[in-house]
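The values are calculated or read from the model by the stated rules, or taken from the named source; none is laboratory data. Just so it is clear, the structure is predicted and the values come from calculations on it, not from any experiment. Note that each Cβ is placed from the backbone with ideal geometry, even for glycine, and that neighbours are counted across all protein chains shown. Each accessible area value is taken on the protein alone, full model and side chains, heavy atoms only, with ligands, DNA and RNA left out. Shrake-Rupley method; radii C 1.70, N 1.55, O 1.52, S 1.80 Å.
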Amino acid sequence: LHDSLLQQKALSALFKEAGQDVHVELAMTYGERSIKDAIAKLQQTGTEHIVVLPLFPQYSSTTTAPVFDQVADYLQASIDVPSVSLVKHYHNNGAFIEALALSVERHWAEKGRAEKLLLSYHGIPKFLVEKGDIYADHCVETTALLCARLGLAEDEVVHCYQSRFGKAEWLQPYTNETLVKLAESGTKSLDVIAPAFAVDCLETLEEMAIENKEVFVDAGGEDYRFIACLNDDDAHIRALHAVASGYLHE
């Protein structure tokens, strides 16, 4: 929540700096700071048009769609309905890719460059993709665009999926199994990034930064460096501003 609030504050400041009269509210799909309450606050300020920007760069029926569902539920129960724009995805937005690239280049400048860059995305059940979920396509495109921007060769890049649970098959290759294979095949150093996460959370700070590091080292790897999520990084806030501005009514 801390980093999300910093994002909200930074984005609000950037709109103000740009001379745009835009109110920014932070909402969570679950728990406190509900989407319902956020929309209500915006309406109380006299807002007539609302841009809903889910902080999921790649669209999925498991993440983005539930946000839209809650917005729809609110509107159905409203008498005075605002106009609403829904941002479906921004995985291939140039400013977003640039923000990711700059974070990797900054990491390289500070800590040197590992043998490979591993991009780990949150997984989803494979049957959802078979039913038409476009998440995997968006992840693959994000990887391709980022690696093209960084000038990485195919053998310098690893694409995989984390955080699976249950018995169903999820998107593969799985991150933990990939880490073992890389270490056992002789890869000693990895730079690791999680481009599906707009802000650090337990799945990045614990699963990716700590648990998967242990997996890699225990299998024979030596240097595992997790690159923090974009959080309130200036380039990331500029990217969110660019995406949202494209949906605003002047």
Checklist entry - What residue, of Ala144, Ala136, Ala114, Ala101, is within 20 Å of Asn231 (Cβ to Cβ) and at pLDDT 95 or above? => result Ala101
Item to check | Sole exception among (1) part of a helix (DSSP H, G or I); (2) small (Gly, Ala, Ser); (3) surrounded by 14 or more Cβ atoms within 10 Å (Cβ to Cβ) for Ser85, by number | outcome: (1)
Checklist entry - Among all residue pairs at least 6 apart or on different chains, which show Cβ distances below 9 Å where the first residue, located in segment 15-37, is without any contact (Cβ under 8 Å) to a residue 40 or more places away in the chain and in a strand (DSSP E or B) and the second is of a type in the set (S, T, N, Q) and open to solvent by less than 40 Å² (accessible area, probe 1.4 Å)? => result Met28/Ser4; Met28/Ser34
Checklist entry - Just checking, which of Ala239, Ala198 is among the aliphatic types (A, V, I, L, M), touching a Phe, Trp or Tyr at 6+ places or on another chain (Cβ under 6 Å), more than 14 Å from Asn176 (Cα to Cα) and at pLDDT 95 or above? => result Ala239
Item to check | Qualifying positions in segment 173-186 - touching an Asp or Glu at 6+ places or on another chain (Cβ under 9 Å) and open to solvent by less than 10 Å² (accessible area, probe 1.4 Å) | outcome: Thr175, Ala183
Item to check | Index of the failed condition, Thr178 passing every other in (1) over 22 Å from Thr64 (Cβ atoms); (2) touching a helix residue (DSSP H, G or I) at 6+ places or on another chain (Cβ under 9 Å) | outcome: (2)
Checklist entry - Could you count how many residues in segment 43-80 are in contact with a Pro (Cβ under 9 Å, 6 or more places away or on another chain), closer than 25 Å to Lys131 by Cα and open to solvent by 30 Å² or more (accessible area, probe 1.4 Å)? => result 3
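Say we look at segment 15-31 and pick out the residues that are of a type in the set (A, V, I, L, M) and over 20 Å from the mean Cα position of the chain (by Cα); which of these is surrounded by the most Cβ atoms within 10 Å (Cβ to Cβ)? Before you say what the answer is, go through the steps one by one.
The first filter runs over segment 15-31 and keeps only residues of a type in the set (A, V, I, L, M), leaving 18, 22, 24, 26-28.
Filter once more, so that each one left must be over 20 Å from the mean Cα position of the chain (by Cα): 18, 22.
Details: Ala18: 10, Val22: 17.
So, considering only residues that are of a type in the set (A, V, I, L, M) and over 20 Å from the mean Cα position of the chain (by Cα), the one surrounded by the most Cβ atoms within 10 Å (Cβ to Cβ) is Val22.
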Item to check | Filter result (part of a helix (DSSP H, G or I) and in contact (Cβ under 8 Å) with a residue 12 or more places away in the chain) within segment 121-139 | outcome: Lys126, Phe127, Leu128, Val129, Tyr135, Ala136, His138, Cys139
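Given the structure, is Ala40 closer than 17 Å to Tyr74 by Cα, of a type outside the set (S, T, N, Q), open to solvent by less than 50 Å² (accessible area, probe 1.4 Å) and part of a helix (DSSP H, G or I)?
Details: closer than 17 Å to Tyr74 by Cα: yes; of a type outside the set (S, T, N, Q): yes; open to solvent by less than 50 Å² (accessible area, probe 1.4 Å): yes; part of a helix (DSSP H, G or I): yes.
In short, yes.
Quick check, is Ala219 in contact with a Leu (Cβ under 8 Å, 6 or more places away or on another chain), among the hydrophobic types (A, V, I, L, M, F, W, C) and surrounded by fewer than 18 Cβ atoms within 10 Å (Cβ to Cβ)? Before the answer, list the steps.
Values: in contact with a Leu (Cβ under 8 Å, 6 or more places away or on another chain): yes; among the hydrophobic types (A, V, I, L, M, F, W, C): yes; surrounded by fewer than 18 Cβ atoms within 10 Å (Cβ to Cβ): yes.
So Ala219 fits the description; yes.
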Checklist outcome for this item: Of (1) more than 17 Å from Arg113 (Cα to Cα); (2) of a type outside the set (Gly, Ala, Ser); (3) open to solvent by 80 Å² or more (accessible area, probe 1.4 Å); (4) out of contact with any Gly (no Cβ under 6 Å at 6 or more places or on another chain), Arg164 satisfies every one except (4)
Checklist outcome for this item: Only unsatisfied item for Glu169, checking (1) touching a helix residue (DSSP H, G or I) at 6+ places or on another chain (Cβ under 9 Å); (2) within 14 Å of Gly123 (Cβ to Cβ); (3) surrounded by 15 or more Cβ atoms within 10 Å (Cβ to Cβ), is (3)
